[in-house]
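Please read the structure below before turning to the comments.
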Amino acid sequence: MADTVQYQLERMLPELEDLESRKLFSRSEIKEIVRKRRDFEYMLKRPSTLKRDYLRYVQYETELEDVRRARKKVISHSLLSKGEKWRGSLCDRASAMRIMFIYERAVTRFKGDLDLWFRFLEYCRAQGSRRFQKAATKALRLHPTVPGLWIYAAVWEFEHNLNVTAARVLMQRGLRMCPKSENLWVEYFRMELTAAQKLKARQIVLGIDHKPRPEALLENGNATEHSGMVEVELDGNVSRDLEIVARKEDAGINLMDEQEASFKIARAIYRSAIAALPNSPGLRQQFLEVIEAIDLEQAGALESEIYSGLRDNFPGDEKSWDWQARRCLLKVHKQGVDNIKSAHEKAIQVYEEAIQSVPSARMYELYAHFLAEWLETDHMEGVSKLGVSETEQENKEEEASEALLDLYSRAESAEVANDVLAQGHVNLLIRLGKEEEARELARKNCMEGASLCGSANAWALYMLLERSFLTVDSDGMIQMAKLFRQALKIPIADAKPLWQMAFEVLGGQESHFDSLLQMLEKALGGGGGNNAGAEVACTFVKWVLHAKGIEQARQVYTRFVALPGPSMELFRQCISIEAQLHAIGNTEALKYMRKLFNSALEIYGQTDEELWLEYCFQERKAGNIEAATAVYWKAQKTLRDPSSFYERYQALS
């Protein structure tokens, strides 16, 4: 090990001598650099080298290079003032080579770490083409089934290296290795359409989007074509103009051919993709998103083909119907009010057909969302700018509201109402000023036997409305408590917002606090203590702490942790509260903290190494070194696998 490290240090000598001779670093600074590099090199030679060791080495070298560049800039300005220039030397490129070497060793040690590979590739990309290509080739050889690597390499070729052919080759090879990767198909499709769009932009810049004919310039002579060349018998000025037009025409033909080729490839990509993944409507929708962002005339036919495929192959997919309906509104907002009205009517027709074909709750949701968007203020303002009068705008809003109310009623009749539709219906009634109807509908949804009687969201909405109608006197609180007792029968995993509301409404009432605490204890003791109820219990403890003080909070959490199977998260929350109190001088906090640690370790002590470390840390923080040592030895005896505990405990020192 020592010989290898010494060899690596000796290789640095020319660079270090150059740094000193250029007065970039002093001798003492160079000694410190050597010491740090020696420590890092020894660290990398350990049998249990970690990924973070390599990354820390890279970070150090990067920061060192930043310092060198800053000092070089100052020296360069000084030389320029004397009429001299900075001459390149070994130190200008040594840092990049060393960081590359560190990364190469890292990816050799951790071949399967994709995050490390992408860090390496990103650094190589900033250093130049050859280095990137070499690193990318190695990465793809080791991970040929990772679509992200193929995309990363192809995008670099397309955008940075400006090599469309190489990018295509990479994408095609990637698809042979990952034929089921939707992301790879979509990115290849996007790349080809982007290439076509760039070629179109070049045509416009060159002025050859409409190909001129050379004969158009010939007013006093004739032009004949011979062996691909244009022979002209004219004066010099017209001949020169004709030569320019001829070159533009040749370039235009080539650009148009390339653009057409890119578009044909994009169409072939789409067809190959749906052949490879025929049962994925989401893939086709991603293709549509790409087309919407591309401004190409030819894309219209392909867009129609994709929509036709969605309609024919996925008649039962709600999202496909939603895309077909919304297509009617694409690209019409700038074409006048009549076009927008017509497009909106066509979209509604598609949605009506959709709920006949797929009468599901999700389909009704999408339809309702579309109609709700039509009521949005921003949209109405946009319509008004196109010349719609205020009266017409109000009529349109009324029509949309009536259509939406009718849709909600039809969903209830079809027995497909869910939380989203019910909440939308209630909110719409409130918006229309029909609070009593909204309250009655919310109550009806929560009645026993209703389809939403077990829905926490439906109950939360109903409780909010009841809270706004009931008075805050004792009778009103009794009524709210009765409703909460009925609502909180819902499993605690689903009723978190209801419990939060109950804390706020009933927690401040002494007469209802104990009953609320008993209900929560019952919910936690019924199997909610380990997972679902932990968050609710922690929230209640924090609420009691802020509302009633630490003594009351301790009484509450003591009752919670005494229940069967208390959650580790609950223990951590209570320990955190006591630790914060101890930090500000509460003398009782350490005693309660120890009780919590001991109770938690009785349950989780064999497996939770973090808990032992936190216990040791808190004891050391309190100045109890002997107590921390005692906890350490107890952990060594209790943990099932204490192999790494010693190193982590030493780090606390």
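Which residues, taken from the stretch 1-27, are in a loop (DSSP other than H, G, I, E, B) and not basic (K, R)? Don't jump to the end; show me each part of the working.
Applying the first criterion (in a loop (DSSP other than H, G, I, E, B)) to the stretch 1-27 yields 1, 12, 22-26.
Result: M1, M12, L24, F25, S26.
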Helices (runs of 4 or more DSSP H) lying entirely in the stretch 230-344 (those with 2 or more residues that are in contact with a helix residue (DSSP H, G or I) (Cβ under 9 Å, 6 or more places away or on another chain), on the phi > 0 side of the Ramachandran plot and at pLDDT below 90): none
Residues satisfying the stated conditions in the stretch 54-65, i.e. more than 28 Å from the chain's Cα centre (by Cα) and charged (D, E, K, R): E61, E63, E65
Hits in the stretch 600-623 (condition: surrounded by 15 or more Cβ atoms within 10 Å (Cβ to Cβ) and more than 23 Å from V561 (Cβ to Cβ)): R620
Filtered residue count, the stretch 352-375, keeping only those that are part of a helix (DSSP H, G or I), over 19 Å from E398 (Cβ atoms) and not acidic (D, E): 10
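Output the residues belonging to the stretch 429-458 that are basic (K, R), in a helix (DSSP H, G or I) and more than 17 Å from A411 (Cβ to Cβ).
Step one: list which residues in the stretch 429-458 are basic (K, R), which gives 431, 434, 439, 443-444.
Still in the list and also in a helix (DSSP H, G or I): 431, 439, 443-444.
Selection gives R431, R439, R443.
Of these, G549, G529, G525, which one is more than 26 Å from G454 (Cβ to Cβ) and either of a type in the set (G, A, S) or at pLDDT below 85 (or both)? Walk me through it before giving the result.
Working: G529 fails: more than 26 Å from G454 (Cβ to Cβ); G525 fails: more than 26 Å from G454 (Cβ to Cβ).
Of G549, G529, G525, the one residue that is more than 26 Å from G454 (Cβ to Cβ) and either of a type in the set (G, A, S) or at pLDDT below 85 (or both) is G549.
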Total residues in the stretch 559-576, condition outside any helix (DSSP H, G or I) and either of a type outside the set (S, T, N, Q) or surrounded by fewer than 16 Cβ atoms within 10 Å (Cβ to Cβ) (or both): 5
Residue count, the stretch 11-28 (criterion: without any contact (Cβ under 8 Å) to a residue 24 or more places away in the chain and hydrophobic (A, V, I, L, M, F, W, C)): 2
Scope the stretch 577-594; condition exposed (fewer than 15 other Cβ atoms within 10 Å of the Cβ) and in a helix (DSSP H, G or I); matching residues: Q580, A583, K591
Checklist (1) of a type in the set (G, A, S); (2) farther than 30 Å from K138 by Cβ; (3) more than 39 Å from the chain's Cα centre (by Cα) applied to A70, failing item: (3)
Which listed residue, of L470, L464, L452, is modelled with pLDDT under 80, at negative phi, surrounded by fewer than 18 Cβ atoms within 10 Å (Cβ to Cβ) and among the hydrophobic types (A, V, I, L, M, F, W, C): L470
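Go through the stretch 541-565 and give me each residue that's of a type in the set (G, A, S) and free of Cβ contacts under 8 Å to residues at least 24 places away in the same chain. Even if it seems obvious, please write down each step before you answer.
Of all residues in the stretch 541-565, those of a type in the set (G, A, S) come to 547, 549, 553, 562, 565.
Of everything in the stretch 541-565, those that are of a type in the set (G, A, S) and free of Cβ contacts under 8 Å to residues at least 24 places away in the same chain turn out to be G549, A562.
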Selection count, the stretch 29-54, where residues are assigned to a helix (DSSP H, G or I) and without any contact (Cβ under 8 Å) to a residue 12 or more places away in the chain: 6
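Would you pick out the residues in the stretch 610-633 that are part of a helix (DSSP H, G or I) and more than 41 Å from the chain's Cα centre (by Cα)?
Within the stretch 610-633, I625, E626, A627, A628, T629, A630, V631, W633 meet the criteria.
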Enumeration of residues in the stretch 413-440 that are surrounded by 17 or more Cβ atoms within 10 Å (Cβ to Cβ), more than 36 Å from the chain's Cα centre (by Cα) and more than 17 Å from A372 (Cβ to Cβ): R439
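Grab the helices (runs of 4 or more DSSP H) fully contained in the stretch 62-155, keeping just those with 1 or more residues being without any contact (Cβ under 8 Å) to a residue 24 or more places away in the chain and loosely packed, with under 13 Cβ neighbours inside 10 Å. Quick ask: steps written out before the conclusion?
Values: elements: 91-109, 114-127, 129-142, 147-155.
Ranges flagged: 91-109, 114-127, 129-142.
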Selected residue (criterion: surrounded by the fewest Cβ atoms within 10 Å (Cβ to Cβ)) from residues of the stretch 159-209 that are without any contact (Cβ under 8 Å) to a residue 24 or more places away in the chain and of a type in the set (S, T, N, Q): T165
Index of the failed condition, S48 passing every other in (1) farther than 26 Å from E647 by Cβ; (2) hydroxyl-bearing (S, T, Y); (3) loosely packed, with under 13 Cβ neighbours inside 10 Å: (1)
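Does the stretch 160-167 include one or more residues that are part of a helix (DSSP H, G or I), closer than 20 Å to V58 by Cα, among the small types (G, A, S) and in contact with a helix residue (DSSP H, G or I) (Cβ under 9 Å, 6 or more places away or on another chain)?
Here is the first cut: in the stretch 160-167, the residues part of a helix (DSSP H, G or I) are 160, 164-167.
Adding the requirement that they be closer than 20 Å to V58 by Cα leaves none.
For the stretch 160-167, residues part of a helix (DSSP H, G or I), closer than 20 Å to V58 by Cα, among the small types (G, A, S) and in contact with a helix residue (DSSP H, G or I) (Cβ under 9 Å, 6 or more places away or on another chain): absent.
The values are calculated or read from the model by the stated rules, or taken from the named source; none is laboratory data. Everything quoted here is computed from the prediction, not taken from an experiment. Don't worry about glycine lacking a Cβ; one is built from the backbone with ideal geometry, like all the others, and counts go over all protein chains shown.
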